[in-house]
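Written below as structure tokens is the structure these notes are about.
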Amino acid sequence: MTSTAAIPLADQALADRLTARLALVEEALRDAVGNADALADSASRHLVNAGGKRLRPLLTLLVAELGDGARREVIDAAVVVELTHLATLYHDDVMDSAPLRRGAPSAHEVWGNSVAILTGDLLFARASTTVAGLGPEAVRIQARTFERLCLGQLHETVGPREGDDPVAHYLQVLADKTASLLATSARLGAMFAGCTPEVVSIVMEFGERIGVAFQLADDVIDLTSDGALTGKTPGTDLRERVPTMPVLLLRARCAGPAATDEDRALLARLDGDLSDDAALDEAVALLRAHAVVDETRDQAVALAHDAVRVLEPLPAGPVKDALVSFADALVDRAS
């Protein structure tokens, strides 16, 4: 089994093609973030140089194999989605006060909030420049995706309105913040490879479903894995009061008649002072052992299986197999 970034590839010829094209994407990314201004250049290259899974461009390249994956437009589309993703990371880390990203200090830790935010804006501008070369339809898709990314962050920031179901609200946040860009990654890859509208629609839906599943799996991993694997300090979301599915499920449980004293005590601990590292570690350990983590994992598994069912109309072959393997690997990483 060969693994190119985050998608397992059993077909060696497919893996070799995607590896070669991903190298072209990487080269184009480094060109796109370059800047004559020394500060802008250093800050823009910070997360590119830190590496990452390159999941979104890889998905673009993979689904393009359902058509003519060798087209230059496919490479440009892959660059667009990764630049967009990188830009959101600069902004997200400022809003979440995250100290680490991909195992390195977050940009705001190095240069401060203002420079990090402006660098994210700069990368959005570079993504817009690249997508403009792909035509007006691609520009419209990119703009709509950017809108969803912003709305997802906004709704996460302000939280659910009175009367809203917090769990449903959170799932919509995930759909906008994470799934929208994965869906666009697949959509652009299929579009610019010349795939039929039916195929474009299928891979878009796959991206939407797998994107929510991916983030739910991350909610589990943030509690069950160490920082060396995730590149994040375990429990950062708890400390910064960022909603995650396990905590939302615990709140829902505590609001019902079946809540136990242990449930309520754990929620009180999570709502307490977690600024001390020892207190945070203990809270993470207690939440990790609670049933709500298994419930979150089950949700991720169910969505991943739904995503696989969406793929049924696609022709059998190594591309479909790789997409199914990706869904399976996502389930495995949350196990």
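The values are calculated or read from the model by the stated rules, or taken from the named source; none is laboratory data. Here the structure is a predicted model, which means the values were calculated and not measured. No Cβ is skipped: glycine too gets one built from the backbone with ideal geometry, and neighbour counts run over all protein chains shown. Ligands, DNA and RNA are stripped out before the accessible areas are found, and what is left, the full protein with its side chains, is counted by its heavy atoms. Shrake-Rupley method; radii C 1.70, N 1.55, O 1.52, S 1.80 Å.
Go through region 30-65 and report how many residues are without any contact (Cβ under 8 Å) to a residue 60 or more places away in the chain, in contact with a helix residue (DSSP H, G or I) (Cβ under 8 Å, 6 or more places away or on another chain) and either surrounded by 23 or more Cβ atoms within 10 Å (Cβ to Cβ) or under 12 Å from Ile7 (Cα atoms) (or both).
Residues in region 30-65 being without any contact (Cβ under 8 Å) to a residue 60 or more places away in the chain, in contact with a helix residue (DSSP H, G or I) (Cβ under 8 Å, 6 or more places away or on another chain) and either surrounded by 23 or more Cβ atoms within 10 Å (Cβ to Cβ) or under 12 Å from Ile7 (Cα atoms) (or both): 2 in total.
I'm trying to understand the selection: among the residues of region 98-149, which are at pLDDT 90 or above and of a type in the set (Ser, Thr, Tyr)?
Ser128, Thr129, Thr130, Thr145
With the requirement that a residue be among the β-branched types (Val, Ile, Thr) and surrounded by 18 or more Cβ atoms within 10 Å (Cβ to Cβ), what does region 6-20 give you?
Residue satisfying the conditions is Ile7 alone.
Yes or no: Arg17 farther than 24 Å from Val139 by Cβ, basic (Lys, Arg) and at pLDDT 90 or above?
yes
Can you name every residue in region 264-289 that is open to solvent by less than 60 Å² (accessible area, probe 1.4 Å) and within 23 Å of Ile221 (Cβ to Cβ)?
Leu266, Leu267, Leu270, Leu274, Ala279, Leu280, Ala283, Val284, Ala285, Leu287 - these are the residues of region 264-289 that are open to solvent by less than 60 Å² (accessible area, probe 1.4 Å) and within 23 Å of Ile221 (Cβ to Cβ).
Identify, please: which residue in region 298-335 is of a type outside the set (S, T, N, Q) and not in a helix (DSSP H, G or I) and is, among those, modelled with the lowest pLDDT?
Here the answer is Ala334.
Cβ-Cβ below 7 Å, separation at least six or inter-chain, first residue in region 304-330 and free of Cβ contacts under 8 Å to residues at least 60 places away in the same chain and under 13 Å from Glu205 (Cα atoms), second of a type in the set (A, V, I, L, M, F, W, C) and not in a loop (DSSP other than H, G, I, E, B): which pairs?
From residues that are free of Cβ contacts under 8 Å to residues at least 60 places away in the same chain and under 13 Å from Glu205 (Cα atoms), the pairs are Val308/Val324; Val308/Ala327.
Listed residues Glu240, Glu198; which is of a type in the set (D, E, K, R), out of contact with any Pro (no Cβ under 9 Å at 6 or more places or on another chain) and open to solvent by 30 Å² or more (accessible area, probe 1.4 Å)?
Result of the check over Glu240, Glu198: Glu240.
Pairs under 9 Å by beta carbon, first residue without any contact (Cβ under 8 Å) to a residue 24 or more places away in the chain and of a type in the set (Val, Ile, Thr) in region 246-259, partner buried (at least 21 other Cβ atoms within 10 Å of the Cβ) and in a helix (DSSP H, G or I), six or more apart or different chains?
Final answer for the pair search is none.
Tell me which of these Lys53 doesn't satisfy, since it passes every other one: (1) assigned to a helix (DSSP H, G or I); (2) of a type outside the set (S, T, N, Q); (3) at pLDDT below 95.
Going through the list (1) assigned to a helix (DSSP H, G or I); (2) of a type outside the set (S, T, N, Q); (3) at pLDDT below 95, Lys53 breaks only (1).
Taking the criterion of being open to solvent by less than 60 Å² (accessible area, probe 1.4 Å), over 21 Å from Thr184 (Cα atoms) and at pLDDT below 80, would at least one residue in region 75-94 satisfy it?
yes
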